[in-house]
Structures are given as C-alpha cells and as structure tokens.
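The structure appears below as structure tokens.
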2 protein chains.
Amino acid sequence: MRNCQEPFAAKRPLGERALIQRIRSRVGGKPFAGLTLGIGDDCALLGPRPGEQIAVTTDLSIAGRHFRLEWHPPEVVGHRTLARGLSDLAAMGARPLAAFLSLGLPRELTVPKGRQKVWVDRFFDGFGALARTYKTPLAGGDLAESPIVAADIVLVGAVPHGRALLRSGARAGDLLYVTGRLGGAAAGLTGLRKLAIRSENRPRPPTLSSKMRDLLAAHLNPQPRIAQGLWLQRRGLASAAIDLSDGISTDLAHLCEESEVAAEIDASVLPVHPNATLKQALHGGEDYELLFTASPKARIPSVIAGVTVSRIGRMTRRRADLPDVTIRTERGVEMLEPKGWEHFQ
Amino acid sequence: MRNCQEPFAAKRPLGERALIQRIRSRVGGKPFAGLTLGIGDDCALLGPRPGEQIAVTTDLSIAGRHFRLEWHPPEVVGHRTLARGLSDLAAMGARPLAAFLSLGLPRELTVPKGRQKVWVDRFFDGFGALARTYKTPLAGGDLAESPIVAADIVLVGAVPHGRALLRSGARAGDLLYVTGRLGGAAAGLTGLRKLAIRSENRPRPPTLSSKMRDLLAAHLNPQPRIAQGLWLQRRGLASAAIDLSDGISTDLAHLCEESEVAAEIDASVLPVHPNATLKQALHGGEDYELLFTASPKARIPSVIAGVTVSRIGRMTRRRADLPDVTIRTERGVEMLEPKGWEHFQ
C-alpha cells in the first residue's frame, strides 16, 4: 500500500491517534477469515480453524542492541522486526494468523524533517511489505513514547493439534538438515558496519545502492522460512526443528538439550554463504534458516519451496565424555562451543 | 511460589539462560488444559476450546513514562505490567489463557547488591502473585539487555465465538455503568509522588508501610476486572465495554466513536474514590475499572463478583452541535473534553 496521507504542514510530532491511523493505512489490512477483529478494540479477536492449536511468540528488538539507527535504514528495522517473529512460527510449522507490535519511539522519530519521510512511516513501509508477502495482518499492538526505539513483535499462528514441529522430538540416529545458507547475515552485518564507519560523520543511516542491498541482503532482508516449515509440518517429515536466530552452535545446543540427544555436524558439507567465513556460519546469528531433524527413512528433498536443503550431520546419543554438539573437520571431531548471542553475559 | 534459588555468591549479572530458569521457577507454572507448551520452544502452544475465539492484547510499559524506578517498588512494576494486559481481556469478557512478557533490562538490575534482592526477581514476585490470582501462566516471552526498562505484556484469552464484549455495540438509549470507584489510581500516584519527593536523596524506591500501601492501593495494585467481564459476557447483558486505562473522559470517547453514539455522564452519581477529586475521577487513568453499556431492559445488579457497579449515565444519539461526551452537573450539561493520557502529544 502506498502512503496516501497528506504531506505534513507543520513540523510537529504525530499524535498517538493520528499515528495509529497512519499505521492502519500502511499495514492494517482487511479483516480475513482468521482475524475477526483487528486494531481498534481492547483486544483483537482471532478465529483458528477447528482442531487447530495457537502458536504464540514474542521478540524484543532494542536500538543499539539488535539494530542501530545510524546503520540500519528504517525499512530494514521494520522488516527485520517482523522477520524475527515470523521465523519462530516457521520453526513450529505454523501458518501466520496475525502480528501485533508494541513500539516505543523517541518523539523525534515521529516528526517530519524537511522533505524526508518520517522514520516511523519508513519503518512501517518495511514492516508492511513483509507482512503482505506472508499475508500477516497487523492486528494490534501498543505505542509509547520512549527515550530509545524498542519494538516487541508478537506473532500468532495456527497449527493442527499435535502437529507442531518441536525442539524436543529429535532422536539418536536422526539426520540433521538446514535450509538455505549459513553466515550470510553475519557477513552482511560486517559489511554494513564497514560502510557505516566510512560514513560516520553523517547523522543518518547510509543510503544503500541496489548492488549493496543485494550483497547485504541476508542481513538486511532475511526471509522467514514459513513455506518450508509448513511443508515439513504438513508431511510430518521432521522430528524436531528450531530457527537459526542466535547461530547454529547455540541453537543446535538448544535443540539437543530439549531433545536430550547429541549432534555431530560435518563441516565439509555445511552450506556456508559465499560471503561468509566458517566461523560466521557456525556462530553468526540472524540467518533465520530452519534447522531440523528427520528419521533416516524420511525422504527430504534437496529443495523445499524454492530453498535448498542440506544434510549437515546426524543426531547421536549423549555421551558423558563429550559435549552435546561436536563438529567433524579434517582434524577430526571437535567440540563446538555455543558462541552465539546471549544477553546479559 | 517462594524463591528457592541459591543465594548469590558473586556480584555478577545473571546470564540469559540462568535468568530464564529463575523466571520459570517463579511464574512458569505447570502446563494446564489450555496451555500445551510453555517456555522453552520457538513458540508456546495454546489450545482453545471448540467454538472459542482467541483474544490478544499487548501493552508496552516504559520506565520514566509508565512507572519510575525511583518511585515504584519492583513488585509494583511487575504487578501493574500484568494488570494492564489482564484488564484488556476483562474488557472483552475473555478468560485468560496465558501471558507472554518481553522484558528489556539494564544489566545492573540483574546484579545482586549486597543482601538486597535482585530487581528482576522482585519484579517477577509481583508479576507472579497476580498471575497466580488470575490463573494465568507465563508461557513465553523474550529478554534483552536494554539501557532502560521496557516491559511489553501480551495476554492471550479465549471467548466463545461471537460473545466478546466490543467497544462498538452501544446504542442510543442504553444505560452507562462502571465498576468500582474512579480516580483512586490518580490520587494514589499523587500520594506516591509526594512520598518520593520527600525522600528524594535516596537512590531506591521508598519503602512503603502497610498503611501507605492500603492508601495507595488503587495505584500500586489495581485489580483487573476479569470476573466482572466474564460475568457480563456469560449473561450477554452488556452491549459494549472498555476498560478505564486512560481515564473515563478519553475511554468513553473511544467507546462512543466505535459505537457511533454520544454519552451523557451524570456527575452526581459518579463513584468518585474517597481519596480522589472529581477531576481525577474524570481524567485520571489506570483505574482499570470496566465501563460498559446495557439496554435499559437489562437487569444489572449493584454488585458483580464482589465489586460495586454504578449507573453513571446514558447513551444518546450523536448531535452535530454537541461533542460525543457530555457531563451533567449542577451547572447544566457541559462538554467533557478527553484529557486522559495520549502519547506523542
């Protein structure tokens, strides 16, 4: 949807109600079968189909921690905020019903500056484009003035009862798979940081050429693997799944812990992103690919819904003398320490 | 649940995973019929009953805007965070299924200081006590390091299909009701501010005597009207409802707008809290009482589930020469301007 608002006459912040109207016009969308009541009441109302369970996830993004106003264009912040939430639904094999967004904003990001688009409008342009791609209406949320940008995304999805992909279903002997390529987001962040540092004196995020956007796409515009998660769920082929938000070394450790098994990755077949190092592929977060396990009897194709799938290892019994996650390289089998993101460390 | 953690040996922040374990032990609760899968996977899974719709609401609380670390004890911040979300469910007549919390925290609030309890533990003590009262398990959420405290509460509830109390159902001729008393929260905030200013040199929130806690209870420990909302929904007696979060002058204007009607309040019968002024009762937010309308034929009792209910006015047709919300006083009928809370103004 294009911005159909009147241009700003005065350089004053949008009031809360005006802001809500503008958001509605950008991403509210029309009511659809699953969403009975959207923005405007005390709660939104969702109607799952008979026999469906509801999947709910929340992800908090804080300026300076998850993104930087001086590095990331507002559209990218909007896209990535929503992508984080959608990726969690993908990992459960759930179909999205609706998104909710609580957004804390400094007042100046709601104030027009000359001819420049308001930051919050650009945020919702990026958010809205991804929401339309995955047919996920913004059904509600909250707005508050805040000294820093804080965006909490809530995704609600639906999955047939008992069919969700869980972290806890992997068994020793299962094979380990991953969608797409690994490390591209970490490599893209490194590239963006270099760009930003080169243009450090400018108060605004760098303007990115389309070539640069392509190069950094894995970081700027990660694609949640909704279609791939649904495909696996509907066929009942995956025994466990998790999305790669913190890095495979950390997320695989979570999967092992919940499933009470160990895992061995084969470094030689890891689908490392062409821009990335092995270290970035193992420990870099925010790739938002799906990591899943399946029985050796399950026929997992090499492409699911247009995205390549790689077999990267296998699940084993836990051993007292070895850590849960190991990696086989030319040098033999080594411990793979979880070096992904953890807060408060 | 009491704190059953070991005392802290070192003055270091809790890691993210340790923090999650501590939260689980405080408020995770056991799985129950409606909550199939709680904290620990990519999403939580909820199972509504057949024929139920899902109600979802989010409310963002920011330090310095919605509470102050130097005024509000951590237990109060936890209680009020959850109460805001539960109150939205109450206004829809929904039964709570689960809560989700995204919490951004400065690192120092996760660090033990001498013998004092960690801030985040005290926050979850307050949160958990209210969660147990309303049988609402914390089923998930997110944690992030943040320069300020930002707490986004998400409540998911269930309501039989087509039975939710909406803002949009009021008709001209309906009578207007409110639960409990008004202005107590605003009066309590004024009292707390005075206390805090008197003890301004102390870096910690004031220690409140039990007498002071009683006096300020409407502000410190507002009670969401879950039982009253359910009572109205189950009997189909209310034509519209909203919770009083921003103040009756503002919230009644929302209800009028969504229902496309006007309203006249009778000042002489307004249940003003004994500590509060009329102005606080009309414009003070955060009372979290229910404001609802009902047909004149509906028999609304004077007490619902232990809380008094007052008839405070009536709904009328909109008139071009009058604002939506008016108030009848000794001086005649006056416009009641919405002077409650609005962000970015």
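The values are calculated or read from the model by the stated rules, or taken from the named source; none is laboratory data. The model shown is predicted, which means the values in this text are computed figures rather than measured ones. Cβ placement follows ideal geometry from the backbone for every residue including glycine, while neighbour counts extend to all protein chains displayed.
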For region A:273-303, which residues satisfy the criterion of being surrounded by fewer than 22 Cβ atoms within 10 Å (Cβ to Cβ), among the aliphatic types (A, V, I, L, M) and either outside the structural domain of residue A:243 (by TED's automatic domain parsing) or farther than 20 Å from residue A:172 by Cβ (or both)?
A:278, A:303
Inside region A:124-180, counting only strands (runs of 3 or more DSSP E) that do not spill past its ends, which hold 2 or more residues that are charged (D, E, K, R)?
A:138-145
Which one of the conditions (1) within 21 Å of residue A:165 (Cα to Cα); (2) in contact (Cβ under 8 Å) with a residue 60 or more places away in the chain; (3) more than 14 Å from chain B (Cβ to nearest Cβ) does residue A:336 fail to meet, given that it meets all the rest?
(1)
Could you say whether any residue in region B:112-122 is in contact (Cβ under 8 Å) with a residue 40 or more places away in the chain, under 23 Å from residue A:84 (Cβ atoms) and assigned by TED's automatic domain parsing to the domain that holds residue B:42?
yes
Tell me yes or no: at least one residue of region A:25-42 is out of contact with any Lys or Arg (no Cβ under 9 Å at 6 or more places or on another chain) and modelled with pLDDT of 90 or more.
no
Number of positions in region A:86-123 that are within 30 Å of residue A:162 (Cβ to Cβ) and not in a strand (DSSP E or B)
9
For region B:53-72, how many residues meet the condition of being under 30 Å from residue B:212 (Cβ atoms) and of a type outside the set (Asp, Glu)?
12
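Can you work out which of the residues in region A:54-93 that are of a type in the set (Lys, Arg) and closer than 24 Å to residue A:35 by Cβ is farthest from the other protein chains (Cβ to nearest Cβ)? Steps first, answer last, please.
Restricting attention to region A:54-93, the residues satisfying the condition of being of a type in the set (Lys, Arg) are A:65, A:68, A:80, A:84.
Okay, now just the ones that are also closer than 24 Å to residue A:35 by Cβ, so A:80, A:84.
Details: A:80: 14, A:84: 9 Å.
My answer is A:80.
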For region B:271-314, give me each residue that is within 21 Å of the chain's Cα centre (by Cα), within 18 Å of residue B:231 (Cβ to Cβ) and of a type in the set (A, V, I, L, M).
B:290, B:291, B:303, B:304, B:305, B:307, B:309
Taking the criterion of being farther than 30 Å from residue B:109 by Cβ and within 14 Å of chain B (Cβ to nearest Cβ), would at least one residue in region A:260-273 satisfy it?
yes
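Just name the residue that is surrounded by the fewest Cβ atoms within 10 Å (Cβ to Cβ) out of those in region A:67-102 that are of a type in the set (Asp, Glu) and in contact (Cβ under 8 Å) with a residue 60 or more places away in the chain. Write out each step before concluding.
Pass one, region A:67-102, residues of a type in the set (Asp, Glu): A:70, A:75, A:88.
Filter once more, keeping what is in contact (Cβ under 8 Å) with a residue 60 or more places away in the chain: A:70, A:88.
Details: A:70: 15, A:88: 28.
Looking at residues that are of a type in the set (Asp, Glu) and in contact (Cβ under 8 Å) with a residue 60 or more places away in the chain, I get A:70.
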All positions within region B:104-141 that are in contact with a Leu (Cβ under 7 Å, 6 or more places away or on another chain), surrounded by fewer than 23 Cβ atoms within 10 Å (Cβ to Cβ) and within 9 Å of chain A (Cβ to nearest Cβ)
none
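Let me confirm something: among B:165, B:182, which residue is within 14 Å of chain A (Cβ to nearest Cβ) and modelled with pLDDT of 95 or more? Outline the logic, then answer.
Details: B:182 fails: within 14 Å of chain A (Cβ to nearest Cβ).
Of B:165, B:182, the one residue that is within 14 Å of chain A (Cβ to nearest Cβ) and modelled with pLDDT of 95 or more is B:165.
Answer yes or no: is there a residue in region A:242-250 that is among the acidic types (Asp, Glu), under 30 Å from residue A:38 (Cα atoms) and within 12 Å of chain B (Cβ to nearest Cβ).
So the first thing to find is which residues in region A:242-250 are among the acidic types (Asp, Glu), and the list is A:243, A:246.
Next, only the ones that are under 30 Å from residue A:38 (Cα atoms) stay: A:243.
Then drop every residue that is not within 12 Å of chain B (Cβ to nearest Cβ), which leaves A:243.
Yes, region A:242-250 contains a residue that is among the acidic types (Asp, Glu), under 30 Å from residue A:38 (Cα atoms) and within 12 Å of chain B (Cβ to nearest Cβ).
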Of the residues that make up region A:330-338, is at least one farther than 26 Å from residue A:226 by Cα, at pLDDT below 95, touching a helix residue (DSSP H, G or I) at 6+ places or on another chain (Cβ under 6 Å) and surrounded by 14 or more Cβ atoms within 10 Å (Cβ to Cβ)?
yes
Return a yes/no flag: does region A:256-265 have any residue that is surrounded by 22 or more Cβ atoms within 10 Å (Cβ to Cβ), closer than 21 Å to residue A:216 by Cβ and modelled with pLDDT of 95 or more.
no
